[in-house]
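The values are calculated or read from the model by the stated rules, or taken from the named source; none is laboratory data. Please read all numbers here as calculations on a predicted model, not as lab measurements. Cβ atoms come from the backbone with ideal geometry, glycine included; neighbour counts cover every protein chain shown. Ligands, DNA and RNA are excluded from the accessible area calculation, which covers all protein heavy atoms including side chains. Shrake-Rupley method; radii C 1.70, N 1.55, O 1.52, S 1.80 Å.
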Amino acid sequence: MSSTSIVYTPFTLPCGKTVRNRLVKAAMEENMSGRWLLPDHALFSLYRYWAHGGLGMIITGNVMIDRHAMTGPGGVALEADSPIEPFIQWAKIIRSGGALAIMQINHPGRQVLKAMRDTALAPSAISLNMGRHSSLFAKPIAMQGSDIHTICARFVTTAVRAKEAGFDGVEIHAAHGYLLTQFLSPLWNQREDEWGGNLLNRARLLLNIVCQIRACCGSNFIIMVKLNSADFQHGGFDIDDAQVVVSMLEGVGVDVVELTGGSYESPAMQGRTHNERTLPKEAYFLEFAKRIAASTSLPVMTTGGIRRLAVAERVIEQGCALAGMGSAVASTPDLAKKWQIKADYQGVAPVCHWRDKTLASFVKMAKVRRELRRLGNDLTPLKHPSSFHSLLLDLLHRRKMTKRYHTYMAAWAQEKEK
Ligand SMILES: Cc1cc2nc3c(=O)[nH]c(=O)nc-3n(C[C@H](O)[C@H](O)[C@H](O)COP(=O)(O)O)c2cc1C
């Protein structure tokens with residue numbers, strides 16, 4: 001038995017809530033919402049597996065603060081007028097095995113597929129550079145000051161509603177190239193007003209969102225921030241910037257900073273970058289996390305490339321409070337329990353060796369999403385699904401979800417006109 005391992009010790013967060021162990025299911029967008037972009041039976045079945053999988057904390061896939069700006073088809077949105085019952089049921093299931101329930105909240109900024117929407121709001125009108133895949137993305141439009149205030153208010157509304165539904169807290173997604181990352185990055189934020197220029201200005205939206213959520217949700221609500229340790233692009237947000245932003249977050253009541261890295265353009269979160277930097281094969285961001293953890297009183301979590309207990313232990317021993325896992329718990333949802341019985345049990349990572357690196361990244365995501373859909377249908381995970389078949393199924397599923405999204409948007413638009 002390895003239950004004496006450091007990863008099975010509890011940890012009390014600054015807000016006073018205690019997480020029973022250090023193993024966290026990281027956010028993974030499921031693309032499995034039910035009618036009207038709400039959680040329903042498929043998501044409930046999926047989260048029941050994690051709820052009873054021995055984890056300390058479970059973070060949902062990113063939930064959108066605005067149904068007009070979705071990171072992908074089949075996403076969940078929680079807005080001021082969303083019915084709360086499905087979210088109450090979701091939170092109840094997530095918490096049913098003793099884990100804390102955290103809702104990740106997000107706005108994609110310019111990282112929007114053209115199939116979902118022609119245009120996307122962004123700090124500056126700078127298009128994604130994805131080589132021959134660039135044309136798949138919406139045209140970015142620079143936000144007005146009023147758009148920025150509206151988005152801040154939407155983050156707060158979604159957090160308040162998550163609390164109302166029974167979630168223990170929220171995680172603000174400020175990583176992986178989405179809107180708040182775009183504001184933080186000098187490459188993608190070229191504004192000349194109070195939201196651009198120096199790092200304090202670029203971090204202002206994130207800081208305002210945190211402060212307002214804390215003011216509205218009270219002192220014992222968990223607020224986490226998922227932050228890039230670096231964008232891994234020349235001239236982008238780097239580890240020195242991340243260290244300064246973490247020190248800013250220290251002063252505004254954040255409970256945990258989850259460190260990751262990259263964006264669609266440079267998918268470091270999958271262990272691969274577009275600049276010269278090579279990441280380790282396991283615990284990709286541990287060196288960055290160690291440096292940040294040593295410089296802050298905020299609890300640090302790192303996610304990326306953790307599939308073995310020994311690696312999760314190293315993460316905690318080297319100064320992180322929590323260890324996040326995505327793909328490993330998609331194929332083995334009870335990995336945290338398995339390690340207590342068999343300490344050398346090896347989690348599975350999706351692989352794809354196709355030459356087109358962008359397509360290979362997409363295949364790896366497709367494989368993970370396939371596992372999630374299988375769990376949502378109460379089917380056993382495949383562990384080693386075929387690349388081609390997974391990609392094909394994913395494309396078909398996404399096409400169906402995109403079509404459904406447009407049907408809902410048209411119905412909402414009609415309703416508004418009445
Ligand atoms: C299918 C899939 C969906 C993801 N969706 C999200 C998301 O909604 N929010 C987020 O912060 N990260 C998301 N991620 C990134 C994971 O949280 C994590 O950072 C990344 O997969 C690296 O961790 P891993 O090696 O344990 O999988 C996603 C990853 C995958 C594979």
Query raised in the report: What aspartates and glutamates sit close enough to LYS416 to cross-link, taking a C-alpha to C-alpha distance under 13 Å and skipping anything fewer than 8 places away on the same chain?
Result: ASP81
Query raised in the report: With all protein chains present, how much of the accessible area of the chain (probe radius 1.4 Å) comes from carbon and sulfur, to the nearest whole percent?
Result: 54
Query - Residue order for ILE126, ILE59, ILE84 - accessible surface, 1.4 angstrom probe, largest first - result: ILE126, ILE84, ILE59
Report summary line: Computed over the stretch 6-417, protein heavy atoms only, probe 1.4 angstrom, the accessible area per residue in square angstrom equals 38
Report summary line: Magnitude of the Cβ-charge dipole (Lys and Arg +1, Asp and Glu -1) of the stretch 1-48 about the Cα centre, nearest 20 debye, reported as 220
Query - For THR380, net neighbour charge (Lys/Arg +1, Asp/Glu -1) across residues whose Cβ lies under 11 Å away - result: 0
Query raised in the report: Packing-wise, with mean Cβ within 10 Å as the measure, how do 404-411, 34-41, 296-303, 102-109 rank, highest first?
Result: 102-109, 296-303, 34-41, 404-411
Query raised in the report: Dividing the convex hull volume of the alpha carbon atoms of the stretch 181-222 by its residue count, what do you get in Å³ per residue?
Result: 66
Query - Charge context of GLY75, other residues only, Cβ under 10 angstrom, K/R +1, D/E -1 - result: -1
Query raised in the report: How large is ³J(HN,Hα) for each residue in the stretch 355-372, as worked out from phi by the Karplus curve 6.51 cos²θ - 1.76 cosθ + 1.60 (θ = phi - 60°), to whole Hz, x for Gly and Pro?
Result: 6, 6, 5, 5, 5, 4, 4, 5, 5, 4, 5, 4, 5, 5, 4, 5, 4, 5
Query raised in the report: DSSP beta bridges in the chain, what fraction antiparallel, as a percent rounded to 5?
Result: 10
Report task. Return the sequence-ordered ³J(HN,Hα) values of the stretch 134-149 in whole Hz as given by the Karplus equation 6.51 cos²θ - 1.76 cosθ + 1.60 applied to θ = phi - 60°, using x for Gly and Pro. Result -> 4, 5, 6, 10, 5, 7, x, 10, 5, 6, 7, x, 5, 4, 5, 5
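Only bridges with both residues in the stretch 1-149 count here: give the DSSP antiparallel percent, nearest 5.
Details: 3 of 16 bridges.
The antiparallel proportion sits near 20 percent.
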**Report entry** Spherically averaged projected area in nm², based on the convex hull that wraps the Cα atoms of the stretch 323-418
**Finding:** 9.1
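What is the stretch 204-350 by shape, rounded, prolate or oblate, if you read a ≥ b ≥ c off the alpha carbon gyration tensor as root eigenvalues and call it rounded for a/c under 1.5, prolate for a/b larger than b/c, and oblate otherwise?
Oblate shape, in that a/c is at least 1.5 and b/c is the bigger or equal ratio.
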**Report entry** Among 49-57, 136-144, the order from most to least packed when residues are scored by Cβ within 10 Å on average
**Finding:** 49-57, 136-144
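Relative to the compact-globule scaling 2.2 N^0.38 Å, provide the ratio for the alpha-carbon radius of gyration of the stretch 1-109.
Ratio of Rg to 2.2 N^0.38 Å for the stretch 1-109: 1.14.
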**Report entry** Alpha-carbon Debye profile of the stretch 6-417, log10 I(q)/I(0) at 0.07, 0.08, 0.09, 0.14 Å⁻¹
**Finding:** -0.28, -0.37, -0.48, -1.34
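Are any of the pairs LYS163/LYS403; LYS163/LYS418; LYS364/LYS403; LYS290/LYS367; LYS139/LYS357 more than 28 Å apart by Cα-Cα distance, and if so, which? Working shown, then result.
Details: LYS163/LYS403 31 Å; LYS163/LYS418 32 Å; LYS364/LYS403 24 Å; LYS290/LYS367 30 Å; LYS139/LYS357 23 Å.
From the list (LYS163/LYS403; LYS163/LYS418; LYS364/LYS403; LYS290/LYS367; LYS139/LYS357), the Cα-Cα distance tops 28 Å for LYS163/LYS403; LYS163/LYS418; LYS290/LYS367.
Compare HIS384, HIS149 by solvent-accessible area with a 1.4 Å probe and give them largest first, with all protein chains kept in place. Let's see the in-between values first.
On the way: HIS384 150, HIS149 110 Å².
Result, largest first: HIS384, HIS149.
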Requested in this report: Could you please put HIS133, HIS389 in sequence from largest to smallest accessible area, using a 1.4 Å probe?
Outcome: HIS389, HIS133
